[in-house]
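Scroll down for the structure; my scribbles are underneath it.
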Amino acid sequence: MKSIIDRIDHLVLTVTDIEASTQFYEKALGFEREFFTGPEGQPRYALRFGQYKINLQDRATETPTKAKVPTIGAGDFCLIAAIPLDDVITHLAANNIAIDVGPVARRGALGPIRSVYLRDPDGNLVEVSEYI
């Protein structure tokens, strides 16, 4: 059967502190913050990058479509850099953002990648990569 899915649009992270997480992703990866209104008029928050976004919620966020067991720090995802990975590494170092692992060779959805791993304030594992 041919895949019926084209791409990922957004993902959701449950975090301890939405503002602290927003500041981290702005500083570390240059994401842009977004405020929007949820389906029932509730305030919602997101981080935009390229054609994608990460919605942020804390345990108190009320929305009819929420994971059954939203867990802080359980995120583990890979992002493809818009600039050379060495430039990402330089940027992270200049902003005192620790790299947990890397650069290391890995395999992405389209083939071999070179990656670094860092952790956000809640311990979510963020892989930043470039295809080689």
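The values are calculated or read from the model by the stated rules, or taken from the named source; none is laboratory data. Note that the coordinates shown come from a computational prediction; the quantities given were computed from them, not determined experimentally. A quick note on method: Cβ atoms are made from the backbone with ideal geometry, for glycine too, and the neighbour counts reach across all protein chains shown. All accessible areas refer to the heavy atoms of the entire protein, side chains included, with ligands and DNA or RNA removed. Shrake-Rupley method; radii C 1.70, N 1.55, O 1.52, S 1.80 Å.
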Q.
Against the definition (in a loop (DSSP other than H, G, I, E, B) and surrounded by 11 or more Cβ atoms within 10 Å (Cβ to Cβ)), how does residue 74 come out, yes or no?
A. yes
Q: Considering each of 47, 29 in turn, give the residue that is surrounded by 14 or more Cβ atoms within 10 Å (Cβ to Cβ), touching a helix residue (DSSP H, G or I) at 6+ places or on another chain (Cβ under 7 Å) and among the aliphatic types (A, V, I, L, M).
A: 47
Q: State yes or no: is residue 128 open to solvent by less than 40 Å² (accessible area, probe 1.4 Å), within 26 Å of residue 55 (Cβ to Cβ), of a type in the set (A, V, I, L, M) and touching a residue at least 40 places away in the same chain (Cβ under 8 Å)?
A: yes
Q: Kindly check whether there is at least one residue in the stretch 103-110 that is more than 18 Å from residue 17 (Cβ to Cβ), in contact with a His (Cβ under 7 Å, 6 or more places away or on another chain) and among the basic types (Lys, Arg).
A: no
Q) So, of the residues in the stretch 113-132 that are in contact with a Pro (Cβ under 9 Å, 6 or more places away or on another chain) and either over 11 Å from residue 86 (Cα atoms) or part of a loop (DSSP other than H, G, I, E, B) (or both), which turns out to be modelled with the highest pLDDT? A) 131
Q. Among 106, 119, which is the only one that is closer than 21 Å to residue 130 by Cα, of a type in the set (Lys, Arg), open to solvent by 40 Å² or more (accessible area, probe 1.4 Å) and in contact with a Ser or Thr (Cβ under 6 Å, 6 or more places away or on another chain)?
A. 106
